[in-house]
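Working notes, structure below.
The values are calculated or read from the model by the stated rules, or taken from the named source; none is laboratory data. Bear in mind that the values here come from a model prediction, so they are computed numbers and not experimental data. All Cβ positions, glycine included, derive from the backbone under ideal geometry; neighbour counts span all protein chains shown.
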Amino acid sequence: MTHSSLLRSDQTLFRDPDVFEFTYLPDHLHHRDAQVRELAFLLRPALRGASTGSAVLRGPPGTGKTTTVRRVFREVREETRKIVPVYVNCRHDRTALAVYRSIFAQVCGCPAPSAGRYLDEIKQGIAARLHDENAALVVCLDDANYLIAAGTYNLLLYQLLRLYEKWDVRKAGVFAITSDLALNLYAEADPSVRSVFHPTEVTFWPYTKTEVREILTDRARQGLYPGVISKVLLDRIAQIAADEQDVRIGIDLLRGAVQRAERDGRRRVGPDDVTAAARVITAPSLRSRAVELSAGERALLSRIAERSREGREMTSGAVFEAAREYLPVGKTSYHEHLNHLAEIGIVDLVPRVGKGREVRLRYDAGDVAAACGVRTKPAKTRTEHEVS
Ligand SMILES: Nc1ncnc2c1ncn2[C@@H]1O[C@H](COP(=O)(O)OP(=O)(O)O)[C@@H](O)[C@H]1O
Ligand SMILES: [Mg+2]
């Protein structure tokens with residue numbers, strides 16, 4: 001085998017690998033019509049020379065907030081020059097200077113001057129361009145919670161929303177995004193900011209399993225060759241992503257499973273590929289959930305993991321009897337613990353005819369034990385009587 005054939009990638013199962021990058025802007029945005037309409041409604045007055053409205057976009061991670069704004073902005077850019085949409089990633093740009101430099105580059109189409117009296121010069125450059133074009137500025141502050149942490153949120157909002165007073169330009173709009181549901185971006189604004197900041201709340205709910213499946217089916221169609229993944233496996237991936245309430249997990253999982261099949265020189269993804277990819281991808285979320293557990297819940301969970309590894313009977317009653325020998329736990333709190341583990345998606349409680357419920361781990365038992373912070377040893381000698 002020559003080197004060129006060794007490295008040749010004609011074996012690939014990916015028609016277009018970019019489709020699985022997190023920066024990829026899908027051609028079709030599923031299930032976000034309502035949010036797109038709300039944002040369009042806020043922008044429309046700018047077409048008639050009036051000012052743009054502002055918005056606060058809220059929703060857990062992976063609910064399409066960034067994608068929705070980027071899609072809307074792309075369309076605006078294609079359709080009109082009366083609105084200048086600017087996207088700022090506040091994870092990267094948190095200081096006032098960094099944010100203004102980013103705005104300058106997008107408004108003026110060239111990097112901001114790097115000498116001189118920074119801020120004022122940059123602001124003036126932005127305003128001059130807007131003035132010349134008689135265009136309205138709309139700034140998306142994505143992940144704006146980073147500005148709050150950096151102490152620049154109020155200053156930037158105040159200055160951006162009042163740009164028009166000093167520079168004779170049209171009043172700007174701000175779309176502020178956060179994935180932190182505990183944070184109220186409007187309440188975080190100072191009274192002086194609130195007098196000019198009247199945002200519409202736009203909420204992004206997690207996608208349902210059906211919605212995730214549609215998004216993933218679309219991605220597979222665009223990014224993979226036909227027949228690489230079956231409907232059944234796509235459905236399984238959609239279920240995992242919906243359980244995790246994050247479509248990004250689905251996209252990563254799809255890519256991971258296909259890469260695994262490709263590495264083994266197979267033309268189709270098999271169930272094992274999905275299982276293996278899921279272990280790698282969902283492990284971090286398992287860990288973050290385990291951290292939130294009470295000591296009692298964690299102790300119970302690690303017993304469940306151990307028992308499951310040993311292949312023992314997993315009915316709720318049997319698990320209780322076994323747990324009782326190690327943990328000071330009564331029946332009531334046992335059921336409370338168990339229900340909580342099910343609620344947060346670590347175990348499923350599957351009804352079994354005549355046998356109550358079966359406790360089934362959603363994750364690999366070894367991963368669960370690791371997430372609980374215990375290393376499971378081979379079973380110690382114990383006087384456990386099986387309850388069946
Ligand atoms: N409605 C949708 N249709 C197609 N792809 C979507 C949709 N919503 C989200 N995605 C994809 O899911 C991923 C996460 O979306 P993103 O907009 O970054 O979420 P958020 O900003 O809410 O965290 C991206 O890869 C994006 O392309
Ligand atoms: Mg985002």
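Could you check, for segment 119-139, whether at least one of its residues is assigned by TED's automatic domain parsing to the domain that holds ARG77, touching a residue at least 12 places away in the same chain (Cβ under 8 Å) and within 16 Å of ligand 1 (Cβ to nearest atom)?
No, the conditions are met nowhere in segment 119-139.
Specify which of the listed residues (GLU214, GLU201) is at pLDDT 95 or above, within 30 Å of VAL174 (Cβ to Cβ) and of a type in the set (Asp, Glu).
Within the list GLU214, GLU201, the selection yields GLU201.
Could you go through segment 199-211 and let me know if any residue there is under 30 Å from LEU161 (Cβ atoms), of a type in the set (Asp, Glu) and surrounded by fewer than 18 Cβ atoms within 10 Å (Cβ to Cβ).
yes
Looking for whichever is in contact (Cβ under 8 Å) with a residue 40 or more places away in the chain and within 16 Å of ligand 1 (Cβ to nearest atom) here; the options are VAL84, VAL69. Which one fits?
Exactly one of VAL84, VAL69 is in contact (Cβ under 8 Å) with a residue 40 or more places away in the chain and within 16 Å of ligand 1 (Cβ to nearest atom), namely VAL69.
Within segment 260-278, does at least one residue satisfy the condition of being within 14 Å of ligand 1 (Cβ to nearest atom), touching a residue at least 24 places away in the same chain (Cβ under 8 Å) and either under 27 Å from HIS31 (Cβ atoms) or within 21 Å of the chain's Cα centre (by Cα) (or both)?
Within segment 260-278, not a single residue is within 14 Å of ligand 1 (Cβ to nearest atom), touching a residue at least 24 places away in the same chain (Cβ under 8 Å) and either under 27 Å from HIS31 (Cβ atoms) or within 21 Å of the chain's Cα centre (by Cα) (or both).
Per-residue answers, yes or no, for (1) modelled with pLDDT under 95; (2) within 9 Å of ligand 1 (Cβ to nearest atom); (3) among the aromatic types (Phe, Trp, Tyr):
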| position | (1), (2), (3) |
| --- | --- |
| PHE22 | yes, yes, yes |
| HIS28 | yes, yes, no |
| ARG37 | no, no, no |
| ALA40 | no, no, no |
| LEU43 | no, no, no |
| ALA50 | yes, no, no |
| ARG58 | no, no, no |
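Only one of (1) of a type in the set (A, V, I, L, M, F, W, C); (2) away from ligand 1 (no atom under 16 Å from the Cβ); (3) surrounded by fewer than 16 Cβ atoms within 10 Å (Cβ to Cβ) is not met by ILE103, so which one is it?
(3)
Could you say whether any residue in segment 158-175 is at pLDDT 95 or above and within 16 Å of ligand 1 (Cβ to nearest atom)?
yes
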